[in-house]
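Here the structure is laid out as structure tokens; the discussion comes afterwards.
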Amino acid sequence: MNSPIDLLTAWLQRPVYNEGVVLYERLIGGGFLLTLLKTGEDDYNREKLTTALSDKLLSLQADEKALKESYPVSLITQLDGGGLLMDERTILKERMRTLLNGGVTKSEELKQMAFRILAIKDELDGIYGRKHFFEQNGFLPEQASLAPELEAPELLLRRRNTLRTYVTKYTALLAQPLAPNRQRKYLSKLEGFLQELHGIDTHLAVLSPTAPPL
């Protein structure tokens, strides 16, 4: 399934108006501008649509960049290794295809390659499963199983650093001229991040009185 970034990038490269309106409704939502866009294509509406979708792409790319910058070193290393695993899998599949096209349907080599491809799938599932878990929770799954009394402050500090990144980003965004609906959206996100940040600071103050404040 294509990500919103992929969909927006593809549309901006081939901007079909009606498809863009559908994309706007899906990724940005309703409001006056959507109602206006649905009245039909003209120069004004096309410019508004292109600007809105371009801004949405930039916002999503900024979110993605901030998220990647928060990845732990161990996860970055694994993701780099995941790329090598995918290259290896491609080579193995091409080799298997060559053998099968040559009439070889059973051999020890084919068997070993098939097992290796399955093993690579399991490894990739593990790597990208950890990536998804971190993106949803702000820490890696194995850290959640460690002794809470030893690890809770560290996990909270990592989450606090991630939240600080988001607060800085959305504060900067709100300092720019924005459409009212986008301003409300960014303000809502910022308030949510600040609320969570305050809760973490309060928790850290209980767990470790010497923890540096916001």
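Out of the residues in segment 175-198 that are open to solvent by 70 Å² or more (accessible area, probe 1.4 Å) and basic (Lys, Arg), state the one that is farthest from Phe32 (Cα to Cα).
Selected residue: Lys189.
Within segment 36-48, can one find any residue that is among the β-branched types (Val, Ile, Thr), closer than 13 Å to Val21 by Cβ, at pLDDT 90 or above and not in a helix (DSSP H, G or I)?
Yes, segment 36-48 has at least one match.
Residues to consider are Asp87, Asp55; find the one that is open to solvent by 40 Å² or more (accessible area, probe 1.4 Å), of a type in the set (Asp, Glu), under 30 Å from Glu25 (Cα atoms) and at pLDDT 90 or above.
On inspection, the qualifying residue turns out to be Asp55.
Need the failing condition index for Pro141 against (1) modelled with pLDDT under 80; (2) surrounded by 15 or more Cβ atoms within 10 Å (Cβ to Cβ), just the number.
Against the list (1) modelled with pLDDT under 80; (2) surrounded by 15 or more Cβ atoms within 10 Å (Cβ to Cβ), Pro141 comes up short only on (2).
Across segment 163-206, which residue is nearest to Gly31 (Cα to Cα) among those that are among the β-branched types (Val, Ile, Thr) and free of Cβ contacts under 8 Å to residues at least 40 places away in the same chain?
The selected residue is Thr171.
Can you report the number of residues in segment 1-35 which are of a type outside the set (A, V, I, L, M) and either surrounded by fewer than 13 Cβ atoms within 10 Å (Cβ to Cβ) or not in a helix (DSSP H, G or I) (or both)?
Number of matching residues: 13.
The values are calculated or read from the model by the stated rules, or taken from the named source; none is laboratory data. Since the model is a prediction, treat every value here as computed from it, not as a measurement. Please note: Cβ atoms are built from the backbone with ideal geometry, for glycine as well, and neighbour counts cover all protein chains shown. Keep in mind that these areas ignore ligands, DNA and RNA; they rest on the heavy atoms of the full protein, side chains included. Shrake-Rupley method; radii C 1.70, N 1.55, O 1.52, S 1.80 Å.
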